[in-house]
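Reviewing the structure listed below.
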Amino acid sequence: MKFLKVSLLLVTIVIMACFVWYGSYKSDMGKLENDLREYLTTEKGIDEHTIISITARRSKMPKYPVVVKLKDDPQEYVYTYRGEQWVQLTPDPNDRGR
């Protein structure tokens, strides 16, 4: 009986830890998406109505990629937050149709 109680307690703790981790993860992704939206509208001058979606993704990188889709543009733009600034990963902003 004691083994069953201890096992049940451990399972409960693991499940609660999973929910806390998932909530923290979703919160971090939402913060990245909101920060990038603010960066694009204030510093890049992109109209908020032009932005269709901003989605943070999981990755093997230490920083999460955030994908932006714009109206009338089939290209996806991928940004990541490095150090103190947003960096555009794809398409390469330095590649001018080469």
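The values are calculated or read from the model by the stated rules, or taken from the named source; none is laboratory data. Keep in mind that what you see is a predicted model, and the values were worked out from it rather than measured. Neighbour counts are summed over all protein chains in view; Cβ atoms, including those assigned to glycine, are modelled from backbone coordinates with ideal geometry. Heavy atoms of the whole protein, side chains included, go into the accessibility calculation; ligands, DNA and RNA do not. Shrake-Rupley method; radii C 1.70, N 1.55, O 1.52, S 1.80 Å.
Hey, what angle do you get for helix 2-42 against the long axis of the chain, alpha-carbon based, 0 to 90 degrees rounded to 10?
10
Let me spell out the model: positive unit charges on the Cβ of Lys and Arg, negative unit charges on the Cβ of Asp and Glu, origin at the Cα centre of the chain. What dipole size does that give, in debye rounded to 20?
About 740 debye.
If Leu36, Leu8 are ordered by their accessible area, calculated over protein heavy atoms with a 1.4 Å probe, which sequence runs from highest to lowest?
Accessible-area ranking of Leu36, Leu8, largest first: Leu8, Leu36.
Once you put a point 7 Å from the Cα of Leu9 and another 7 Å from the Cα of Lys69, both along the Cβ direction, what distance in nm separates them?
4.9
Excluding ligands, DNA and RNA, what is the solvent-accessible area per residue of the chain at a probe of 1.4 Å, expressed in Å²?
Solvent-accessible surface per residue comes out at 79 Å².
With n ≥ 4 as the cut-off for DSSP H runs, can you work out [θ] at 222 nm for the chain, using -39500 (n - 2.57) per run divided by the number of residues, rounded to the nearest 500?
Estimated from H runs of four or more residues: -15500 deg cm²/dmol.
Sequence-distant or interchain residues sharing an amide H contact under 5 Å with Tyr64, placed H: which?
Residues meeting the amide H criterion: Tyr81.
Suppose accessible area is computed on protein heavy atoms with a 1.4 Å probe; arrange Tyr39, Tyr79 from highest to lowest.
Reading off the accessible areas and sorting them downward yields Tyr39, Tyr79.
Under a 1.4 angstrom probe, counting protein chains only, how are Met29, Met16, Met1 ranked by accessible area, largest first? Spell out each step's value before the answer.
On the way: Met29 10, Met16 120, Met1 165 Å².
Largest to smallest exposure gives the sequence Met1, Met16, Met29.
Roll a 1.4 angstrom probe over the protein heavy atoms and tell me the percent of accessible area of the chain that is carbon or sulfur.
57
Using +1 at the C-beta of Lys and Arg and -1 at the C-beta of Asp and Glu, which of Pro91, Leu10, Ile51 has the Cα lying farthest in the positive direction of the dipole of the chain?
Leu10
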